[in-house]
2 protein chains.
Amino acid sequence: MFTPQAIGFVRSPYKDTAEVPKGLGAKHEADGVIEILPEFELGLTDIEGFSHLIVIWAFDRSQGFDLLSTPPSDNRPHGVFATRTPRRPNPIGLTIVKLLRREGKLLHVRGVDMLDGTPMLDIKPYLSSIPSETLRRGWLAEAEAQKG
Amino acid sequence: MFTPQAIGFVRSPYKDTAEVPKGLGAKHEADGVIEILPEFELGLTDIEGFSHLIVIWAFDRSQGFDLLSTPPSDNRPHGVFATRTPRRPNPIGLTIVKLLRREGKLLHVRGVDMLDGTPMLDIKPYLSSIPSETLRRGWLAEAEAQKG
């Protein structure tokens, strides 16, 4: 298996997990900056053409994992692979961000939900969406319906 | 930084990268099975409720990386972070699959594009889509337009 290395770090308004919007109806509209390390800047070539990016990063301030956990959006426990909890067997996070603009090795983005200083592992172009009307969202949809 | 560990492995019809559909208009409709290791099975609790899953995995047969590469869908090089090439600084792959059914620690899924035996790193529920009409897809849209 490979050894993860940071390709860059994010500048985010969130210094503590308590500040990150969570739970039902949480909006992720915070602006942030992904700063790519100089040795990887060439890898950003042509990224400006994409409106949205998939950012993969490490929950570097999370220790250990739980197979079951109760997310902020529900009062019942669910399997770790059916939630977005940070306490995962591999502490990998994923965020879809909107690319506002690129400035050299800086990507100005909207929609960050990571803590300030979080190490980035990968960036991929967002190419297509599953049509919303075909999505089923299990326990989350149930929790939303109960909340009314 | 964490040390990646396999949470399971995929059974896919593709034994070799040459067999995986690539390039413009490539369809990923192959069925496969993600087999989660017994020690992580409890983490699948309630996953049945989701129609689509985000699967994060390791390009375990890829060595090294290129900052620029020419993808099968174009004749010009682009930055690694603007493509889905396997030769990435962190060899992490991502696939959106449709969950057909769960059978204990087996997830029967549609849309696999990984090689048979690829180690899985994480599974997350697919919760929402960016509306297609708001997406810009840079060089890929240009290559599609040129192909006509």
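So which residues in the range A:1-29 are within 13 Å of another protein chain (Cβ to nearest Cβ) and β-branched (Val, Ile, Thr), if there are any at all? Within the range A:1-29, A:Thr3, A:Ile7 qualify.
Does B:Pro125 count as out of contact with any Asp or Glu (no Cβ under 7 Å at 6 or more places or on another chain), closer than 23 Å to A:Gly104 by Cβ, in contact (Cβ under 8 Å) with a residue 24 or more places away in the chain and surrounded by 18 or more Cβ atoms within 10 Å (Cβ to Cβ)?
Working: out of contact with any Asp or Glu (no Cβ under 7 Å at 6 or more places or on another chain): yes; closer than 23 Å to A:Gly104 by Cβ: no; in contact (Cβ under 8 Å) with a residue 24 or more places away in the chain: yes; surrounded by 18 or more Cβ atoms within 10 Å (Cβ to Cβ): yes.
No; evaluated as a whole, the condition is false for this residue.
Only one of the numbered conditions (1) exposed (fewer than 15 other Cβ atoms within 10 Å of the Cβ); (2) within 13 Å of the chain's Cα centre (by Cα) is violated by B:Gly104, and that is (2).
Looking across A:Leu44, A:Leu53, one residue alone is in contact with a helix residue (DSSP H, G or I) (Cβ under 9 Å, 6 or more places away or on another chain), more than 7 Å from chain B (Cβ to nearest Cβ), closer than 30 Å to B:Ala82 by Cβ and not small (Gly, Ala, Ser). It is A:Leu53. Note on the range A:1-21: residues that are touching a helix residue (DSSP H, G or I) at 6+ places or on another chain (Cβ under 7 Å) and open to solvent by 90 Å² or more (accessible area, probe 1.4 Å) total 0. Apart from one condition, B:Glu39 fits all of (1) open to solvent by less than 60 Å² (accessible area, probe 1.4 Å); (2) modelled with pLDDT of 95 or more; the exception is (1). Of all positions in the range B:122-145, at least one carries a residue that is in a loop (DSSP other than H, G, I, E, B), modelled with pLDDT under 95 and touching a Pro at 6+ places or on another chain (Cβ under 9 Å).
Quick check: anything in the range B:77-99 open to solvent by 40 Å² or more (accessible area, probe 1.4 Å) and among the small types (Gly, Ala, Ser)? Checked the range B:77-99: no residue is open to solvent by 40 Å² or more (accessible area, probe 1.4 Å) and among the small types (Gly, Ala, Ser).
The values are calculated or read from the model by the stated rules, or taken from the named source; none is laboratory data. Because the structure is a prediction, the values reported are computed rather than measured. Don't worry about glycine lacking a Cβ; one is built from the backbone with ideal geometry, like all the others, and counts go over all protein chains shown. Side chains are part of the model used for accessible areas, which takes the heavy atoms of the whole protein and leaves out ligands, DNA and RNA. Shrake-Rupley method; radii C 1.70, N 1.55, O 1.52, S 1.80 Å.
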